[in-house]
Amino acid sequence: MTRRMICRTGDVPANGLRECELEGGMKLLVANSGNEYFALQATCPHQEVALCEGMYDGKVLTCHQHLWQWDIRTGAPMGIAEAPLERYDVTVEGDAVYVDAQGALNVGELFNGIASGTLEALAQLARREEFAAGAVLYKPGDAAGDFFVLESGRIEFQIGRDERADPAGFMLNRGEVFGWAALLESQPHRIASARALENSVLLRVNGRQALRLLESDPASGLVVMRRLAALVARFLAAAGAK
């Protein structure tokens with residue numbers, strides 16, 4: 001994990017909230033509770049509402065849109081909330097607040113928990129890139145050489161072309177993989193389009209190089225391929241429901 005300074009203690013109101021941004025654009029919600037500080041994902045996992053606009057009593061955070069609630073210490077869901085908040089370890093030194101942020105590759109479901117050596121080798125293949133709002137990452141028919149991991153921002157997917165294009169039907173969270181055709185030997189071209197809805201930071205990884213790494217670690221490779229199959233199935237089911 002990488003420790004980064006996110007704010008000063010004086011930036012966060014007593015028993016209050018502050019949305020802060022790390023270098024590179026990743027946004028986190030920093031909360032004060034008495035003498036303690038906590039850092040969680042900045043947007044609601046339900047409909048991506050900014051949680052800094054929510055209600056907070058020093059212990060429980062409530063999204064103002066649909067009243068999902070979480071324990072500020074753990075990110076655990078409460079009441080009607082159906083998903084936890086991603087939580088980050090916090091260290092306070094003097095008046096500086098630091099967070100330990102896992103790399104995006106180890107956050108999403110595809111690579112989480114695989115052998116550390118293989119994960120580190122994948123991270124070395126990754127190239128960090130920034131895309132402005134509106135930038136087109138790829139479109140149907142483009143060569144599928146690389147896949148992407150979302151570090152921060154929002155990505156819109158569409159199936160089809162021009163006036164026949166439809167939204168793919170689901171939102172991505174930090175650490176999730178898209179452009180997964182690059183990991184399928186039988187799918188050399190894109191079947192969807194991807195566009196940045198806001199300024200976004202992505203990790204780009206060459207699919208062939210990643211596959212060679214996974215072949216060298218069969219146990220991790222099997223885990224990733226099983227998870228990829230489930231991801232593709234969800235993607236196609238969401239697109240078919242439109």
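The values are calculated or read from the model by the stated rules, or taken from the named source; none is laboratory data. Just so it is clear, the model here is predicted, and its values are computed rather than measured. Ideal geometry is used to build each Cβ from the backbone, glycine not excepted, and the neighbour counts take in all protein chains shown.
Among the residues of segment 73-105, the ones that are free of Cβ contacts under 8 Å to residues at least 40 places away in the same chain, assigned to a strand (DSSP E or B) and not aliphatic (A, V, I, L, M) come to 2 in all. Within segment 59-72, identify whether any single residue is at negative phi and part of a helix (DSSP H, G or I), and answer yes or no. No; the residues of segment 59-72 include none that is at negative phi and part of a helix (DSSP H, G or I).
Can you confirm whether segment 37-55 contains a residue that is in contact (Cβ under 8 Å) with a residue 60 or more places away in the chain, surrounded by fewer than 21 Cβ atoms within 10 Å (Cβ to Cβ), among the small types (Gly, Ala, Ser) and within 17 Å of Asn173 (Cα to Cα)? No: segment 37-55 contains no residue that is in contact (Cβ under 8 Å) with a residue 60 or more places away in the chain, surrounded by fewer than 21 Cβ atoms within 10 Å (Cβ to Cβ), among the small types (Gly, Ala, Ser) and within 17 Å of Asn173 (Cα to Cα).
Test of understanding: among Gly117, Gly10, Gly108, which residue is surrounded by fewer than 20 Cβ atoms within 10 Å (Cβ to Cβ), touching an Asp or Glu at 6+ places or on another chain (Cβ under 7 Å) and assigned by TED's automatic domain parsing to the domain that holds Leu213? Of the residues listed, the single one that is surrounded by fewer than 20 Cβ atoms within 10 Å (Cβ to Cβ), touching an Asp or Glu at 6+ places or on another chain (Cβ under 7 Å) and assigned by TED's automatic domain parsing to the domain that holds Leu213 is Gly108.
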